[in-house]
Structures are given as C-alpha cells and as structure tokens.
Amino acid sequence: YDKTFECPVCGESFSSKIMKSGKARLLKTDQDLRPQYDGIDAAKYDVELCPHCGYAALSRYFTTVGSAQAKLIREHISQRVQLHPHTGDTYSYEEAVDRYKLALANAVVKRAKASEKAYICLKSAWLLRGYAESLEKEEEADRKKLAELRAQEAEYLENAYNGFTEAMQTEDFPMCGMDEITVEYLIGVLAARFKKYDVASKMVAAILTSPTANNRTKDKARELKEQILADLKRQ
C-alpha cells in the first residue's frame, strides 16, 4: 500500500509503497537470514526514495539523517541524479534494484556507518536472489541474465561480509536491529560462503559458548559447523 513520507533532506512530501506487516505469510528463512514470503518479495519495499531530491535509504534509516549529511546529499546526489517516475501498483525487480543502488550511493555520500552500508549490500543480495528465483520459474529462463544476477549477488554478499566485519570492530550493538549473536551468526554464514573457514569457525564457537544465545540460534550454528566440516573434507 502507499504511505506518505516527508523527506528529511528537502522537506517535500511523497508516497512510497510499503508491504503490510503481518499480512504476508512467511514461508521460510534462508541461511543468511533472508525471509521468504508467500507471493511477495519483501526486499523490494524496504527502500524509501524521495522523487524530489533523490535521497534514498533503507526504511529503518530514512529519518536519521543529520544536517551535515543532508547538505552532502543535496550537493552530490540531488544535483546529479536522474529520477524516473514510478506508475505501477508494485515495484518491478529492475526498479527495486535501482532504488537499492541509490540507497547505497546515498549511504556512501553521507558517510554512513559501515553497518548501514553492509546492511544495504546484504538486502541488495537478497533482492537479486529473489530476482533470479523469479526468472528461474519462467519456461525459457535467460541463462546469461541469471548468471549476471548470481555474480552480482555474490559481490554484494562479499561487501556485506567485509562491512559487518569492520562494524564488529568499531560499532556498538544493536546493529541494524540485530544483536551481537545474530551478527556473529551472519558473519559466520558469509565467511563460510567465501571459504574463510577460520573466521566462520570462530563465529560458530562464540555462539555455541555464549550464555545469551538461544537454542534456536545454537542449533543453526551447529548446522553451520557441520557444513564447514563437510566443506573442509571435500577440499
């Protein structure tokens, strides 16, 4: 549905499409915490974009922009960006990808924390995965396009891994709405994906020995540990 926002950078009002919380049925969650819903890709609707000045950010960060950051955005984004008006009832994957690219550009320009940039990269990867999955359902899937999307997803995930690793050293928790255990698990999953098994094993050990980690997270950490051991045996 459409929700009205006031842009903290230019002060103009605009409407943006939002997913109704509680309306979509959660089917499952991927290993890297991407939620999959029945009939809708939630990742498409988590970037707010002001069509007047080009300011874009993830929903949780949209209003938290300081005056100095707003000045940087007006100077480096508003004067250069070319925006295309949206007309449909939903966002296409192409539109959503563009919105995330602009959110990341804004985050870089406003000198956002490493965690915010990492979170944008993570959710961009989720979006590209959903895009690829939608193409795979077609009778004649575009193999070249699928390969491009998978490569872009991997690049965003690697950037997310590097960003969250940096944030762990420099920022306090909660981080992007996640507690320390959740971020450790996420870093462990991403580290394993990129064959950084020493880092992945360290994260798993921290979770399994943590007095604050719940049983569900510890079970997921044990599954990740088994995956790491299996991967190492195949090498």
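Quick rundown of the values:
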{"read-out": "Residues satisfying the stated conditions in segment 210-231, i.e. among the small types (Gly, Ala, Ser) and touching a Phe, Trp or Tyr at 6+ places or on another chain (Cβ under 8 Å)", "value": "ALA221"}
{"read-out": "From the options ALA24, ALA42, ALA70, residue that is under 14 Å from the mean Cα position of the chain (by Cα) and among the hydrophobic types (A, V, I, L, M, F, W, C)", "value": "ALA42"}
{"read-out": "Filter result for the condition that a residue is at pLDDT 95 or above, among the charged types (D, E, K, R) and closer than 16 Å to ARG34 by Cα, over ARG222, ARG193", "value": "ARG193"}
{"read-out": "Criterion (open to solvent by 10 Å² or more (accessible area, probe 1.4 Å) and within 13 Å of the chain's Cα centre (by Cα)) met by exactly one of LYS123, LYS145", "value": "LYS123"}
{"read-out": "Residue in segment 155-166 that is in contact with an Asp or Glu (Cβ under 8 Å, 6 or more places away or on another chain), at negative phi and part of a helix (DSSP H, G or I) present", "value": "yes"}
{"read-out": "Residue count, segment 84-104 (criterion: in contact with a strand residue (DSSP E or B) (Cβ under 8 Å, 6 or more places away or on another chain) and hydrophobic (A, V, I, L, M, F, W, C))", "value": "3"}
{"read-out": "Only listed residue being over 27 Å from GLU226 (Cβ atoms), under 13 Å from the mean Cα position of the chain (by Cα), open to solvent by 10 Å² or more (accessible area, probe 1.4 Å) and not hydroxyl-bearing (Ser, Thr, Tyr), chosen from GLU155, GLU171", "value": "GLU155"}
{"read-out": "Lone unmet requirement of (1) under 23 Å from TYR131 (Cα atoms); (2) in contact with a His (Cβ under 7 Å, 6 or more places away or on another chain) for PHE14", "value": "(1)"}
{"read-out": "Within segment 174-235, helices (runs of 4 or more DSSP H) holding 3 or more residues that are open to solvent by less than 30 Å² (accessible area, probe 1.4 Å), closer than 18 Å to LEU157 by Cα and touching a residue at least 40 places away in the same chain (Cβ under 8 Å)", "value": "180-193"}
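The values are calculated or read from the model by the stated rules, or taken from the named source; none is laboratory data. If you're wondering where the values come from, they're calculated on a predicted model, not measured in any experiment. Because the Cβ atoms are built from the backbone with ideal geometry, glycine has one as well, and the counts that use them run over all protein chains shown. These area figures cover heavy atoms from the full protein model, side chains too; ligands, DNA and RNA do not enter into them. Shrake-Rupley method; radii C 1.70, N 1.55, O 1.52, S 1.80 Å.
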